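Note sheet for the following structure.
The values are calculated or read from the model by the stated rules, or taken from the named source; none is laboratory data. Every value quoted in this text rests on a predicted model; they were computed, and no experiment measured them. Reconstructed Cβ throughout: ideal geometry from the backbone, glycine too, with neighbour counts over all protein chains shown. Each accessible area value is taken on the protein alone, full model and side chains, heavy atoms only, with ligands, DNA and RNA left out. Shrake-Rupley method; radii C 1.70, N 1.55, O 1.52, S 1.80 Å.
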Amino acid sequence: MPTEYAASRIGTGELPPPSALLRAFREPDNPNRRQHRVLAAARELVECHERRHRAQQAAHTPGASSGCVAACTQLVEDIDGHRAELVGRIDHWVAANIQHRTGASLHTETLGAVIDRMAAKWIAAQQALGISAPADPHPLQLDGEAHLQWCRLAELTDGYKDLITDVNEHRRRLPVW
């Protein structure tokens, strides 16, 4: 398959294509993820969003005690702190490895923020299908909510593809913080 071949040849100094990014979201043990820091951080972001979702569900369970709600709230804050670290790790990698052409149009978000939004939408799409674990590949029929979530993920993926194409062709530069 061309996408698998391309994904297996990702250099450590290149922005990963959308197919490799989605594969990192889906496959916890993908060897390409371990070879590229952006893919490794992307997978960790998916895991953060999954844990965050579970903590929020537990806090909103009918009859949840105030202690449970407080513990879940603290957990969500801790997870969000870790997410910020992962976004920073991606952005640091971009600053160190991607040449930016002075004068190119500036994108409004860092690459880490874009990938974090994609990871969140990946989890929302999985949840809309009723899949409990992000790596569960069961094909199910899409209801209206699932269709909406998967369409939004597809739009974010298309936007990511357009962004990395523009960065690679020096038409756009990413903010570096």
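General remarks:
- Top-ranked residue in region 20-71 [being under 19 Å from ALA113 (Cβ atoms) and basic (Lys, Arg); ranked as most open to solvent (accessible area, probe 1.4 Å)]: ARG37
- Within region 26-84, the set of residues being touching a residue at least 24 places away in the same chain (Cβ under 8 Å) and not in a helix (DSSP H, G or I) comprises GLU27, PRO28, HIS36.
- Which numbered condition GLY88 misses (of (1) closer than 19 Å to TYR160 by Cβ; (2) loosely packed, with under 13 Cβ neighbours inside 10 Å; (3) of a type outside the set (A, V, I, L, M); (4) modelled with pLDDT of 95 or more): (2)
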